[in-house]
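The values are calculated or read from the model by the stated rules, or taken from the named source; none is laboratory data. Please read all numbers here as calculations on a predicted model, not as lab measurements. Neighbour counts are summed over all protein chains in view; Cβ atoms, including those assigned to glycine, are modelled from backbone coordinates with ideal geometry. Surface areas here come from the heavy atoms of the whole protein model, side chains and all, with no ligands, DNA or RNA. Shrake-Rupley method; radii C 1.70, N 1.55, O 1.52, S 1.80 Å.
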Amino acid sequence: MTARIWLLGAAVLATAAIVVAWLLVDRTEDDPLSGPPAQQAEEVPLADGSTTEPDEAWVTETAASRQIPVRAMQAYARTEISQREAQPKCNLRWNTLAGVGSVESAHGTLGGAGLDAAGVPSKRIIGPPLNGENGTRAIKATKESTALHGDEEWDRAVGPFQFLTSSWEQYGADADSDGDADPHDIDDAALGAANHLCDRERDLSGDGWVKAVYAYNNSMAYVGKVRGIANSYAR
């Protein structure tokens, strides 16, 4: 009996030691939600005499050094500038948008697409059907969603920032003032993504960054991937 009690006590102590060790170990690499926010890139400089347009030379040089399409870089830079006025406490920087845009659609070039002068991919970027298979949620198409992706049965994510119809209805925007809030347009999509990330008065210069990116896509692996790319752009 005494031996059994001793063995039980030893097992309890061992378990406690394991739990304490687990709590003390830095699990940042395996658990991005416990990690730091992405580094913030330099603030986008304004063009001379403008309060809304980025400096063209800076956009071109930054796009080339980070291997980002110039048209996509223009959208990210303009969105950062517009958010300074609309939601200054969010502290959104272009490299976070670029990180999301890279993961979601390779900056609007996924599948061999290219962005035209208006910021629209040469062919629509449509995600797989959300039919409950391959780890997806089952989301039935609606009249509104079918108009965006053409699938009459299942909803699909669309555009350079891969918006679902429900999210676009909540966060979508007409960034280029052409009268149409279009998730296939990288200008509109980037501003919609900014609205999504800055929702709930998040501060992306601190703890709010992780929560914002996780809210955009509920995956710890996704958060880690966006952080890594955003950090590489912040150099």
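Screening the candidates 145, 205 for the property of being open to solvent by less than 30 Å² (accessible area, probe 1.4 Å), in contact (Cβ under 8 Å) with a residue 12 or more places away in the chain and hydroxyl-bearing (Ser, Thr, Tyr) yields one hit, 145.
Residue 113 fulfils the conditions (1) open to solvent by less than 50 Å² (accessible area, probe 1.4 Å); (2) out of contact with any strand residue (DSSP E or B) (no Cβ under 6 Å at 6 or more places or on another chain) except for a single criterion, (2).
The single condition among (1) closer than 25 Å to residue 54 by Cβ; (2) in contact with a strand residue (DSSP E or B) (Cβ under 6 Å, 6 or more places away or on another chain) that residue 160 does not meet is (2).
For the stretch 163-186, residues that are assigned to a loop (DSSP other than H, G, I, E, B), out of contact with any Gly (no Cβ under 9 Å at 6 or more places or on another chain) and of a type in the set (Gly, Ala, Ser) total 2.
Is at least one residue of the stretch 210-230 aromatic (Phe, Trp, Tyr), outside any helix (DSSP H, G or I) and open to solvent by less than 40 Å² (accessible area, probe 1.4 Å)?
Kept after step one, since they are aromatic (Phe, Trp, Tyr), are these residues of the stretch 210-230: 214, 216, 222.
Cutting the leftovers down to outside any helix (DSSP H, G or I) gives us none.
There is no residue in the stretch 210-230 that is aromatic (Phe, Trp, Tyr), outside any helix (DSSP H, G or I) and open to solvent by less than 40 Å² (accessible area, probe 1.4 Å).
When you look at residue 146, is it farther than 20 Å from residue 115 by Cβ and touching a Ser or Thr at 6+ places or on another chain (Cβ under 7 Å), yes or no? The answer is no for residue 146. Taken over the stretch 82-110, the criterion of being open to solvent by less than 10 Å² (accessible area, probe 1.4 Å), assigned to a helix (DSSP H, G or I) and in contact with a Pro (Cβ under 7 Å, 6 or more places away or on another chain) is satisfied by 101, 105. Total residues in the stretch 164-188 satisfying the condition of being buried (at least 24 other Cβ atoms within 10 Å of the Cβ) and out of contact with any Asp or Glu (no Cβ under 8 Å at 6 or more places or on another chain): the figure is 3.
Given the condition of a type in the set (Gly, Ala, Ser) and under 14 Å from the mean Cα position of the chain (by Cα), answer yes or no: does some residue in the stretch 132-145 qualify? Looking through the stretch 132-145, none of the residues is of a type in the set (Gly, Ala, Ser) and under 14 Å from the mean Cα position of the chain (by Cα). Screening 12, 20 for residues that are under 26 Å from residue 224 (Cα atoms), at pLDDT below 95 and loosely packed, with under 11 Cβ neighbours inside 10 Å leaves exactly one candidate, 20.
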